[in-house]
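Participant: Okay, handing you the structure first.
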Amino acid sequence: MRHVRLLSVQYVYDKGAGRIVTKYPGEWVKVGNQQATAWLATGQADRPDMPDLQAMPGCGVVLPPGVRPSGVSGLVVKHADEPCLEYARTLIWSGVNFRGDLLAVGFMLLDTWEVAVPILSYTQLARDVGSAEDRDRTKRTARDLRVPVYDVRLLFLKRCQATRRLMDVWREEPGDRSLAFLRALYQVKPLICALPTTWVLA
């Protein structure tokens, strides 16, 4: 069980009262870990008392050369030419502007998931991305282009056999990086948590 502070109206089962009660923004509630993580991930709750990221061992950030690591203070940072699984829990970050208040949540999601990554768009699907050759290649792998594409500019990964294989396949796939990542997902099939588009701000 975890305490979170609500940012939206929620209906919560009150064990003492034996019924569902309405809870309002600003109220603290105690709920199961899965529900708490879901609310935190979607911006329906927060934890202003969230521990410093320095207290989360094994987490780090991989950035492209030349990108300044602003907004990820408290984390170990490595610059690399290619995305890599440098840490037990790695954020592969292009430098895009994102919800820094959700950084700890992204790493915590890796308690359950092997990959956590935002959806790129709610209106743009695989059929709308990349070249015709990229889309043909993706259709052969995924069998359908009416699927969401992920925003690989902000990618949380747990280092494990599945994600090592995912990274290897992704590196081998040519063309548009989002479609290449999608093809790698379909081939490796890691446990993936699709995050809302609102995690990325630009």
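What follows draws every value from the coordinates through simple rules; no lab data is involved. Since the model is a prediction, treat every value here as computed from it, not as a measurement. Note that we place each Cβ from the backbone using ideal geometry, even for glycine, and neighbour counts take in every protein chain shown.
Participant: Restricting to lysines 8 or more places apart or on different chains, can you count the pairs in the chain with Cα atoms under 23 Å from each other?
Facilitator: Working: 15/23; 15/30; 78/158; 139/189; 158/189.
Pairs that pass both the separation and distance tests number 5.
Participant: Let me ask something else about it. Can you sort 134, 14, 81, 46 by how many other beta carbons sit within 10 Å, fewest first?
Facilitator: Details: 134 21, 14 11, 81 7, 46 16.
The most exposed by this proxy come first: 81, 14, 46, 134.
Participant: Can you tell me the convex hull volume per residue for region 2-46, based on C-alpha atoms, in Å³ to the nearest whole number?
Facilitator: Once divided by residue count, the hull of region 2-46 is 60 Å³.
Participant: Find the Cα radius of gyration of the chain, compare it with 2.2 N^0.38 Å by division, and give the number to two decimals.
Facilitator: Details: Rg = 18.3 Å, N = 202, 2.2 N^0.38 = 16.5 Å.
Cα-based Rg divided by the globular estimate yields 1.11.
Participant: Would you work out if region 125-202 is rounded, prolate or oblate? Take a ≥ b ≥ c from the square roots of the eigenvalues of the alpha-carbon gyration tensor; rounded if a/c is under 1.5, else prolate when a/b is larger than b/c, oblate otherwise.
Facilitator: Oblate shape, in that a/c is at least 1.5 and b/c is the bigger or equal ratio.
Participant: Trypsin sites (Lys or Arg not before Pro), restricted to region 101-166: which are DSSP loop and have at most 12 other Cβ atoms within 10 Å?
Facilitator: Those satisfying the criteria are 143, 146.
Participant: To the nearest 20 debye, what is the magnitude of the charge dipole of the chain about its Cα centre, counting +1 on the Cβ of each Lys and Arg and -1 on the Cβ of each Asp and Glu?
Facilitator: Taking the Cα centre of the chain as origin, the dipole is about 480 debye.
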